[in-house]
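The values are calculated or read from the model by the stated rules, or taken from the named source; none is laboratory data. Computed from a predicted structure; not experimentally measured. Every residue, glycine as well, gets a Cβ built from its backbone with ideal geometry; the counts of neighbours run over all protein chains shown.
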Amino acid sequence: MPDLTAADREWREWQALEHIATLVAVVRLDGATVRVNAALENALGVSRKSILGHELGVFFQDDELLHKALVDARAQRFSSLRFEAQLRRSLQDAFPVHVNLSWWQEDAEILVELWPLEQQVRQDREERVREQALANKELIRNLAHEIKNPLGGIRGAAQLLDMELPDRQLKEYTDVIIHEADRLQALVDRLLAPHRHPHTVGDVNIHEVCERVCQLVLLEYPSGLKIERDYDISLPEIRGDREQLIQALLNIVQNAAQVLEPQMAQGTARIILRTRIARQLTLGRKRHKLALELHVIDNGPGIEPDIKERIFYPLVTGRDGGTGLGLPLAQTFVQRHEGLIECESEPGRTDFRIMLPLTD
């Protein structure tokens, strides 16, 4: 095998960096970016074309940090330098990173490596969500079965009593018992619903799922609600259960529509469905080269702070008349696809993000 040239070696080294989770860029001593890997491109939320040729410092909250480090580099004051900084990203808040600078090409280019501090926090949160979901599922299943049998007995006894009562006015009481028993039975059935659905896997076009959900929601809310589509049409099909994915997305979009009802009267209610590709995403402790991100964004009042951390728990709701089952059911169906739902909310903007792995 012929000896590799310096250019070939550099290309191979960069190809290895292209497939790692660490955020990596190569900059010249003047700060201009000459290389950037997919992980950094995805973290910043902008295209590679928008980064290359520009100063990397503009993506830092304090661009002087990188500028000073490059001044030290020009003065040959270090072989490797570490510091902490805040990295900006498109349409989102800045996030903290560890930064390491080292020489990439002798006295010519510098390798900038960034490790998001939020990544570990997010993974820990994801693990807690999964563990809590498993505990909730087992609790609900056992509780629902314990309620189901005596509930049937109560309803049956009320029906027998209804037939024996001579006074029609007294029958009103048995009617209440039967009606409430039926209501509780419907609630129990909804609690058990995720465990009764078979998981039927096939090729699914996520945009067909989105359009079906849009159709259903707009039939329910024909005026005052605007649903905007912001699709990445290059997304491939995913392997999944189409009906479960429709139900999961429908529950989230319906929740958004319900909180927007006051704004519908003013014609300002808006929901955005946005699809994107995510690269090098960890879901369930497994690293995926490619994943699907589906955002449901509304301009409603936001989620109440006292329930914000518990919205995926069963029977937790911030809405009068709500059952608190829609989001837990959506999370269950998404987790069956090895995915996850996260939520960021503030007054005027709530963003539910569904993440589903794509075939590697």
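Of note:
- Annotation: of all residues in the stretch 53-65 being at pLDDT 85 or above and surrounded by 16 or more Cβ atoms within 10 Å (Cβ to Cβ), the one that is farthest from residue 96 (Cα to Cα) is 55.
- Of all residues in the stretch 209-241, those satisfying the criterion of being more than 20 Å from residue 290 (Cα to Cα), acidic (Asp, Glu) and either in contact with a strand residue (DSSP E or B) (Cβ under 7 Å, 6 or more places away or on another chain) or modelled with pLDDT under 95 (or both) are 220, 228.
- Filter result for the condition that a residue is in contact (Cβ under 8 Å) with a residue 60 or more places away in the chain and assigned to a helix (DSSP H, G or I), over 25, 16, 39, 21: 39
- Pairs, first assigned by TED's automatic domain parsing to the domain that holds residue 302 in the stretch 271-288, second modelled with pLDDT of 75 or more and of a type in the set (Gly, Ala, Ser), C-beta under 6 Å, six or more apart: 271/256; 278/291; 279/38; 280/21; 280/39; 281/291
- Meets criteria (within 18 Å of residue 340 (Cβ to Cβ) and either among the basic types (Lys, Arg) or surrounded by fewer than 16 Cβ atoms within 10 Å (Cβ to Cβ) (or both)) for residue 286: yes
- Residue satisfying all of: in the stretch 6-27; over 29 Å from the mean Cα position of the chain (by Cα) and surrounded by 16 or more Cβ atoms within 10 Å (Cβ to Cβ); modelled with the lowest pLDDT among these: 10
- Filtering the stretch 276-306 to residues that are part of a strand (DSSP E or B) and closer than 17 Å to residue 349 by Cα leaves 294, 295, 296, 297, 298.
- Residue selected from the stretch 336-360 under the condition of a type in the set (S, T, N, Q) and in contact with a Gly (Cβ under 8 Å, 6 or more places away or on another chain), by the criterion farthest from residue 307 (Cα to Cα): 350
- The residues of the stretch 42-87 that are assigned to a helix (DSSP H, G or I), touching a helix residue (DSSP H, G or I) at 6+ places or on another chain (Cβ under 9 Å) and not small (Gly, Ala, Ser), listed by number, are 44, 48, 51, 56, 59, 63, 64, 65, 66, 67, 70.
- Hits in the stretch 295-315 - residues which are of a type in the set (Ser, Thr, Tyr) and modelled with pLDDT of 80 or more: none
- Condition check for residue 246 on (1) touching a residue at least 40 places away in the same chain (Cβ under 8 Å); (2) within 22 Å of residue 201 (Cα to Cα); (3) out of contact with any Asp or Glu (no Cβ under 6 Å at 6 or more places or on another chain); (4) of a type in the set (Val, Ile, Thr): one failure, at (1).
- The stretch 143-170 residues that are touching a residue at least 12 places away in the same chain (Cβ under 8 Å) and surrounded by 15 or more Cβ atoms within 10 Å (Cβ to Cβ), paired with ones that are part of a helix (DSSP H, G or I) and basic (Lys, Arg) (beta carbon under 8 Å, 6 or more apart): 162/171
- Every condition in (1) part of a strand (DSSP E or B); (2) surrounded by fewer than 21 Cβ atoms within 10 Å (Cβ to Cβ) holds for residue 254 except the one numbered (1).
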